[in-house]
2 protein chains.
Amino acid sequence: METRELRYFIAVAEELHFGRAADRLQMAQPPLSRAIQQLERRLEVSLLERSGRRIALTPAGEVLLNEGRVALDAVRGAERRTRRAAAEPGQIVLATKAGAANEVLTKLLHAYRASGGAHVDVQLVGIGEPERMLRDGRADVALLHLPFDETSGFELAELHTEGQVALLPLGHPLAKRKRLRVSDLEAQPDLPLPRWPEPDGTYLDGPGPAVRDHVQLLQLVGLGRACAIVPESAPVFGSALAVVPLVDAEPVTTVIAWPPHLRSVAVAELVRAATTGASNEILVT
Amino acid sequence: METRELRYFIAVAEELHFGRAADRLQMAQPPLSRAIQQLERRLEVSLLERSGRRIALTPAGEVLLNEGRVALDAVRGAERRTRRAAAEPGQIVLATKAGAANEVLTKLLHAYRASGGAHVDVQLVGIGEPERMLRDGRADVALLHLPFDETSGFELAELHTEGQVALLPLGHPLAKRKRLRVSDLEAQPDLPLPRWPEPDGTYLDGPGPAVRDHVQLLQLVGLGRACAIVPESAPVFGSALAVVPLVDAEPVTTVIAWPPHLRSVAVAELVRAATTGASNEILVT
DNA sequence: GCTTGTCGATACCCCAGAGGTATTGAACTT
DNA sequence: AAGTTCAATACCTCTGGGGTATCGACAAGC
C-alpha cells in the first residue's frame, strides 16, 4: 500500500463524500473514486458501504482509518525529522504548551546545557500541539501533561507530578473556602467550567465558554464568567483571582516524550539530563 | 514520500550496496540508483555518502533508516490488520513465545471466554517473533517479556513478574548449591551461557553454543554443553536438570502489548480480562 | 409526475514516470 | 597496465495515475 492511497482513503473516510475529499486533495473526483476502488480490489477488502449515493465505512474501513492515520503520521514524521537532521545538524526541537511546565523546562534546559548538549529549539505552542508536532515530526521531544495528552506510541519519562487548584473570581462565595471539591465547582450553574478544544479543534456542546488558551481563561475567570481547574504551577500572573486547593482533582503529571526507537544521541542526552535532574524514573523502555 | 521510496532506501541503507539491494527488491540496479537520487532531490537531503564506489549513510540517512523502518512497519501493520478485520470479523490474533507464560496465558483465555469475548487465535511462535508480528500487523495483541522484548511504541499492561533460575546438568559442582549468583555461572568456562539470536536473526560471537529455542536449550544443558538462565515458570518437562534459584538475576515481567490508538472493542476487552484477572495495573494509557 | 440538482461511476484520452537493457566511467586490485 | 567491480548515464517501453466529458441513480422541489 502506497502512502498516496492511504492519504486518499483517509480523506474520503473523513469526509464521507468523494467530491469534498477530492477537493481537499486538490484533484478531480473521478480519479479519486477509481483509486479507492483499486485499493479495495488490491486489498481484497470492501472499505466503503455504498448504499445508494450515501457512503459509510465498513468495519474494515474503520480499522484502516485508525491505523492509517498512525501510519501516515509515522511516514510524515520520518520525512520531517530527516529533513531537519540535515538542515540543522545536532539541533533538537522541543515542543511544549505555552505557559505550562515553566520550572520543569528551565531546570531541564539548565541541566542539559551543563552537560554540554546541543542547541535546543524550544517551541511554545497551543493546546494539543506538542503532541501533534511530535507525531508528525515537527518536534523531536515534547513535554506532555497526563492525563490530558494522548501519549500512546511514545516513550516517556516522568518529570513532575502536582495537584490542581480552582481559580475563582474574587468575591465569589466559594473563594473564601480553604479547600474545595470538584463537585463544588460543578454545582455552580452561574460559574461553569470552560470547554477546551477537542483534538480536531472543535468544541463539544456545553454550558461553559469555549476557551483557547491560558490568558483567555484567566480573563474569563476574572470577569466572573467561568471558574477553572488548573495545575498548581500554572502562572496566575498579576490577575486578581482567588486560588483554592482542590482535594479530589486528578493530579497532573508532566512527562518528557519522544518517538519510539530513537537513536539520536542528542535526544537521549536531553532525556538523561531531564530525568537525572528531576531524579525520576523512566516509565517505558 | 511514498512507501515504495522508503522500501528502496531501507534496502540500500541496510545492504550499503546498490546491486545487492536491487537484487533483494527484485529489480534492476539502474532504476534503483535513480529512485534514490530522486528521493534525495525531493527531500533536498543527501542520504548517502558516495566517496568513490563505497557507500555510507549520512547522519540524515541514519535518521531516515531508523524512522523509516518504524513507519514502514506501521503501514504494513495497517494493511494486514485491515485485511484480517475483513476476512475474520471479530477474531483476534494473539502472539506469544512458544512454551513461555503458560499459566498467564491460560488464565487470560479463561477470563476472556468467561466475559463472552470473541474467538482468539493463539499463535505460539519463536524468539522475538511476537514483537515482530505485533509491529507488522500479523497479530493484534502479544504477550511480551521484559527486559528481553523491545516494547517501545506499544501500549502495555503488566501481567506477571517472576525471578529467574539457573539450569545446570545434574552432577555439576554448582548444581548442589542452594542459590547462585549470575557471576557464579559466568565464572564457569566449561559451561558457557548460550547465545540467543539478535533481532535480525544473526548471532554475536562468543564462547557459548548458538541456540534457537527452549527445547534445544534443555538438550544442550542436559548434555553438559551449557548452563542457562530462565524464568522460574519456564517448563523443564521431564528433563534431568538441576534447577537452582538465582539471587541477582533481573526479574522477568510478562506484559500484554497492543498497537497504540487501538479502538478495537475485542482487543480492549481482552486486555481488560487479562488485567482484572491478574489484578494488575496498566502502565501506559 | 416531471424536472432539476447532486453525487458516484464509467468511458476515453494523455503523458509523467517507473522499470528495463546496454553502456560508460571511476575507483580499487593484482 | 590490465582487469574487476560498481554506481551512474543514456535511451527505450509501457503501465497507470490524472484529467474532461458524460452517464445513471437517487433525492428534493414545483
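Structural remarks
- Relative contact order [Cα under 8 Å, 6+ residues apart], region A:59-186, whole percent: 28
- Sum of side-chain charges, B:Pro192 neighbourhood, beta-carbon under 10 Å (Lys, Arg +1; Asp, Glu -1): 0
- Span-rule helices in chain A, defined as complete DSSP H runs reaching 15 Å or more along the axis (Cα) with Kyte mean at least 1.0: A:265-278
- Among A:Thr254, A:Val271, A:Ala13 - extreme Cα towards positive end, dipole of the protein assembly as shown, charges at beta-carbon: A:Ala13
- Amide H partners (placed H, <5 Å) of A:Ala228, local residues excluded: A:Leu167
- Share, in percent, of DSSP beta bridges within the protein assembly as shown that are antiparallel, nearest 5: 70
- The mean number of Cβ atoms from other chains found within 10 Å of a Cβ in peptide A:80-92 is 5, as a whole number.
- Global form of chain A, assessed from the alpha-carbon gyration tensor, a/c cut-off 1.5: oblate
- Over the protein assembly as shown, dividing the summed -39,500 (n - 2.57) contributions of all DSSP H runs of at least 4 residues by the number of residues returns a 222 nm mean residue ellipticity of -12500 deg cm²/dmol.
- Around A:Glu14: net Lys/Arg minus Asp/Glu count, Cβ-Cβ under 10 Å: +1
- Whether region B:1-157 is rounded, prolate or oblate, judged on the alpha carbon gyration tensor where a/c under 1.5 counts as rounded: prolate
- With an a/c value of 1.5 or above and a/b larger than b/c for the gyration tensor axes a ≥ b ≥ c computed over the alpha-carbon atoms, region A:157-285 is described as prolate.
- Shortest-first distances to equivalent copies, position B:Glu14, nm, label 7 Å out along Cβ: 3.2
- DSSP beta bridges in chain B [antiparallel fraction, %, rounded to 5]: 70
- Cα centroid of region B:91-119 to Cα centroid of region A:68-104, whole Å: 38
- Mean partner shielding of peptide B:56-64, defined as the number of other chain Cβ atoms within 10 Å of each residue Cβ, is 5.
- The calculated pair-distance distribution of the protein assembly as shown uses every alpha carbon pair, bins of 10 angstrom beginning at 0, and gives 3, 14, 20, 25, 21, 11, 4, 1, 0 percent.
- Sorted shortest first, the separations between the B:Arg177 label point and its copies elsewhere in the assembly read 6.2 nm; each point sits 7 Å from Cα along the Cα-to-Cβ line.
- Charge dipole (region A:58-104, unit charges on Cβ, about Cα centre) - positive-most of A:Leu94, A:Gly68, A:Thr82: A:Thr82
- Positive contributions from Lys and Arg (+1) and negative ones from Asp and Glu (-1), summed over other residues with Cβ under 10 Å from the Cβ of A:Phe148, come out at -3.
- Within straight-line reach of A:Lys97, meaning a Cα separation under 17 Å, sit the following lysines at least 8 residues removed in sequence or on another chain: A:Lys107.
- Amide H contacts of B:Ile127 (H built 1.01 Å from N, in plane; Pro and chain starts excluded): no residue 5 or more places away or on another chain comes under 5 Å.
- Region B:38-67 versus region B:177-211: alpha-carbon centroid distance in Å: 38
- Per residue convex hull volume, Cα atoms of region B:45-127, in Å³: 156
- Residue mean of other protein chain beta carbons inside 10 Å, A:250-263: 2
- For A:Pro30, the distances from its label point to the matching points in the remaining copies are 3.5 nm, ordered from shortest, with each point set 7 Å beyond Cα toward Cβ.
Throughout, read-outs are computed from the coordinates displayed, never taken from laboratory work. Source: prediction; values computed, not measured. Don't worry about glycine lacking a Cβ; one is built from the backbone with ideal geometry, like all the others, and counts go over all protein chains shown.
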